[in-house]
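Visitor: Pasting in a structure now, in C-alpha cells, and then I'll have a few things to ask.
The values are calculated or read from the model by the stated rules, or taken from the named source; none is laboratory data. Bear in mind the structure is a predicted one, so any value in this text is a computation, not a measurement. Positions of Cβ are backbone-derived with ideal geometry, glycine not excepted, and every protein chain shown enters the neighbour counts. Protein only, heavy atoms only, side chains kept; ligands, DNA and RNA dropped before computing areas. Shrake-Rupley method; radii C 1.70, N 1.55, O 1.52, S 1.80 Å.
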Amino acid sequence: MIHQNGRKKLNMKPAHRRAVLRNQVIHLITYGHLVTTKARAKETQRFAERLVTMAREGNHFNAIRGVKALLPYKQEAINALFKDVAPRYVNRQGGYTRIIPLGRRVSDTSIMARLEWV
C-alpha cells in the first residue's frame, strides 16, 4: 500500500506552502494563466479546481464563506471567481484547468508549465 501520497510538500513549511498556493490561485483568477514549475502547477490546479467547484453553486452565503476561508485576503479575486470564472463551468463536471508543459528553465533546468482555464 502507498500511504500519505495526498499532496506534494514543495520543499516548504505548511504556512509558506499555503501562502504560495493562495497567491498563485489569485494570480490565475486575476490574469487567466500562470507560468510556474510543473509541481507547483499541479498543486495550484488542485486548489483552483476545488475553489471553482465551491463557487459553481452560486453567490450563496455558504459558498462565499467557504471560499473566503481558503482565500481570506483578496476580495477582488473572490468577486472575479464568482462573477467571471465559476459561471463558465456550471455545466462541466470537472477539469476546469489545463497544464501545458513549456520545457526546462535555463537557470536550474526545472520543468516549467503553464496553468490556464479550459
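Visitor: Please give me the summed charge of the neighbours of Ala86: other residues whose Cβ is under 13 Å from its Cβ, Lys and Arg +1, Asp and Glu -1. Spell out each step's value before the answer.
Guide: On the way: positive: Arg50, Arg56, Lys83, Arg88, Arg92; negative: Glu49, Glu57, Asp84.
Within the 13 Å Cβ shell, the charges total +2.
Visitor: In the neighborhood of Ile99, defined by Cβ-to-Cβ distances under 9 Å, what is the net charge if each Lys or Arg adds +1 and each Asp or Glu adds -1?
Guide: On the way: positive: Lys38, Lys42, Arg98, Arg114; negative: Glu116.
Computed value for this residue: +3.
Visitor: Please give the Cα centre distance for the stretch 1-53 versus the stretch 54-87, rounded to the nearest Å.
Guide: Cα centroid to Cα centroid, the span is 17 Å.
Visitor: Out of every Cα pair in the stretch 4-118, what percent are spaced more than 25 Å from each other?
Guide: Numbers: 1398 of 6555 pairs.
Everything past 25 Å amounts to 21 percent.
Visitor: Could you put Arg104, Arg40 in order of accessible surface area, largest first, with the 1.4 Å probe and the full protein assembly present?
Guide: Values: Arg104 155, Arg40 80 Å².
Ranked from most to least accessible, the order is Arg104, Arg40.
Visitor: Something else now. For the residue pair Asn79 and Ser107, what label-to-label distance in nm results when each label sits 7 Å from Cα along the Cα-to-beta-carbon direction?
Guide: It works out to 3.4 nm between the two label points.
Visitor: Still on this model: How about the stretch 7-111: which chymotrypsin sites (Phe, Trp or Tyr not before Pro) there lie in a loop by DSSP and see at most 13 other Cβ atoms within 10 Å?
Guide: Values: sites: Tyr31, Phe47, Phe61, Tyr73, Phe82, Tyr89, Tyr96; in loops: Tyr73, Tyr96.
Hits after loop and neighbour filter: Tyr73.
Visitor: Distance in nm between label sites at Asn5 and Leu70, each 7 Å beyond Cα in the beta-carbon direction?
Guide: Distance between label points: 2.3 nm.
Visitor: Here is a follow-up. Specify the angular offset, from 0 to 90 degrees and rounded to the nearest 10, of the alpha carbon long axis of helix 38-55 from the longest principal axis of the alpha carbons in the chain.
Guide: Once rounded, the angle reads 10 degrees.
Visitor: Continuing with the same structure: How much length is gained on full extension from Ile99 to Ala19, taking 0.36 nm per residue of separation minus their Cα-Cα distance? Could you put the intermediate results ahead of the total?
Guide: Working: separation 80, 0.36 × 80 = 28.80 nm, distance 2.10 nm.
Here the segment from Ile99 to Ala19 would lengthen by 26.7 nm.
Visitor: Mean-square fluctuation check for the chain, GNM, Cα pairs under 10 Å: which of Gly58, Gly103, Gly32 is largest?
Guide: Result: Gly103 has the largest fluctuation of those listed.
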